[in-house]
1. Pull out the extension gain between Q116 and Q25, defined as 0.36 nm times the separation in residues minus the alpha carbon to alpha carbon distance; nm, one decimal.
2. Angle, helix 122-134 long axis vs. longest principal axis of the chain, Cα atoms, 0 to 90°, nearest 10?
3. Per-residue HN-Hα couplings for segment 40-57, Karplus 6.51 cos²θ - 1.76 cosθ + 1.60 at θ = phi - 60°, whole Hz, x for Gly and Pro?
4. Which FRET efficiency value, to the nearest 0.05, is calculated for D151 and S59 with the Förster distance at 41 angstrom and r the Cβ-Cβ distance?
5. Can you give the longest stretch of the chain with no exposed loop site, where a site means GluC sites (Glu not before Pro) in a DSSP loop (not H, G, I, E or B) with at most 12 other C-beta atoms within 10 Å?
6. Can you tell me how much longer the chain between A208 and R74 gets when fully stretched, taken as 0.36 nm per residue apart minus their C-alpha distance, in nm with one decimal?
7. Given H placed 1.01 Å from N in the peptide plane, which residues other than close sequence neighbours of I142 have an amide H under 5 Å from its amide H?
8. Compare K63, K42, K160 by solvent-accessible area with a 1.4 Å probe and give them largest first, with all protein chains kept in place.
Amino acid sequence: MSLIQAERLQVEVGGRMILRDVDFQISEGEIVTIIGPNGSGKSTLLRALIGAINASGGSIKRKDGLRMGYVPQRLGLERALPLTVARFLSLPTRLSVAETARLLARTGAEGLASQQMTALSGGQFQRVLLARALAGDPQILILDEPTQGLDQPAIASFYKLIEKLRQEIRCAVLMVSHELHVVMRASDRVICLNGHVCCEGAPMAVSAAPEYRALFGDSGATLALYKHVHDHSHDHDHEHRPVGADG
């Protein structure tokens, strides 16, 4: 069953068309990764799907009562603002000490409740953001470049955590990533975006698509180095589907 579905979605920002004729859907339990060059509209698509910005055309349908957890690409905090991790997690809805500890433990951020948000390392900060996204028991996690600024070991660890959470809480995961070399291991389906959907499907199929190669060149070949680890009945249904500029 689709959790979110967009049909011929268009988004205009400041008089400029960022997305045009985008068709998108994500099903329960699925991990979908959106890739594309800078300025291709990846973050705009996520913000439209969660309702943070309005579409200028097309439609977006969400499952009734859909619970979404969102981790933004950036979150600026005033360094002079005293804000502990526990207090941050309780905005806007206050959490108990036990619930705070449970969420932090689930994301591998145990023992950070009393730490100042501005004192956290990059990896710790992202895990706290993820803990907050889990507070509402989401049916879908939406992550906008969650590993930006992290080193390679931290990136690998974060993606392993996402897969573990997907299995534990049975949520779908939609994320934007620039980490092409780990997309294969982290995704059931890949969507290549450049203002419109260039191609989509299983990671191996997308990595071989001429539309993908045109955007990423030979560096995209690294996708093919990894064996897809998920074994879901829907995997074989997602064959590569190139889509032209007109949708």
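1. Values: separation 91, 0.36 × 91 = 32.76 nm, distance 3.81 nm.
Fully extending the segment from Q116 to Q25 adds 29.0 nm.
2. 90 degrees
3. Couplings: 7, x, 5, 5, 4, 4, 4, 5, 5, 5, 8, x, 6, 9, 8, 6, 9, x Hz.
4. Values: r = 41 Å, r/R0 = 0.99.
So, using R0 = 41 Å, E works out to roughly 0.50.
5. On the way: sites that count: E78, E110, E239.
Here the longest segment lacking exposed loop sites spans 111-238.
6. Numbers: separation 134, 0.36 × 134 = 48.24 nm, distance 3.16 nm.
Gain on stretching A208 to R74: 45.1 nm.
7. G69, Y70, V71, L174
8. Working: K63 55, K42 10, K160 150 Å².
Solvent-accessible surface, decreasing: K160, K63, K42.
The values are calculated or read from the model by the stated rules, or taken from the named source; none is laboratory data. Everything numeric in this text was worked out from a predicted model, so none of it was measured. Please note: Cβ atoms are built from the backbone with ideal geometry, for glycine as well, and neighbour counts cover all protein chains shown. The protein model used for the area step is the full one, side chains on, heavy atoms only, and it has no ligands, DNA or RNA in it. Shrake-Rupley method; radii C 1.70, N 1.55, O 1.52, S 1.80 Å.
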